[in-house]
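Nothing in this text is a laboratory measurement; each read-out follows from the coordinates by a stated rule. Bear in mind the structure is a predicted one, so any value in this text is a computation, not a measurement. Cβ sites come from the backbone with ideal geometry, for glycine too, and all protein chains shown count toward neighbours.
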Amino acid sequence: MSIARICSRAGCQKPAVSTLTYVYADSTCVLGPLATYAEPHCYDLCADHADRLTAPNGWEVIRLAPDPAAAGPSSDDLEALANAVREAARPLPRREPGTGTPGAPVEVARRGHLRMLQDPGATTNTNEG
């Protein structure tokens with residue numbers, strides 16, 4: 001369940017669409033697209049309050065307009081996701097201990113997506129009595 005962020009202005013219950021940040025050292029207000037996460041020193045604004053935003057005297061307002069084409073996933077993103085899923089689904093070849101690439105871990109057991117690997121530098125404990 002996703003909780004929609006609302007406008008930070010008192011009494012406003014509209015959904016937030018922009019994030020306002022103050023850069024005090026430069027006397028600048030930066031208004032950009034809604035931040036991914038709610039930040040403690042930023043203010044989320046609805047479309048009405050973002051459009052009507054004015055800065056204090058002597059301050060500059062920088063409005064960062066999002067590129068609509070860049071907002072959605074690109075074909076590169078989808079291809080990278082598909083390749084990652086394929087790679088994760090590919091089983092590791094099982095090798096007997098002592099074979100294969102020296103120093104490489106060897107898969108000794110698997111349960112679902114979890115794998116148990118043998119440390120190549122570990123020695124086998126035997127109970128000698």
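For D51, neighbours were defined as the other residues whose beta-carbon sits under 15 Å from its Cβ, and their charges (Lys and Arg +1, Asp and Glu -1) total +2. Of all DSSP beta bridges located in the stretch 5-70, what percent are antiparallel, nearest 5? Restricted to the stretch 5-70, the bridges split so that about 75 percent are antiparallel.
Computed from backbone phi, the HN-Hα couplings of the stretch 106-111 come to 10, 6, 10, 7, 8, 9 Hz, rounded to whole numbers (Karplus: 6.51 cos²θ - 1.76 cosθ + 1.60, θ = phi - 60°; Gly and Pro given as x).
Summing +1 for each Lys or Arg and -1 for each Asp or Glu among the other residues whose beta-carbon sits under 14 angstrom from that of A35 gives -1.
Taking a Cβ cut-off of under 13 Å around R9, the surrounding Lys, Arg, Asp and Glu residues balance to a net charge of 0, with basic ones at +1 and acidic ones at -1.
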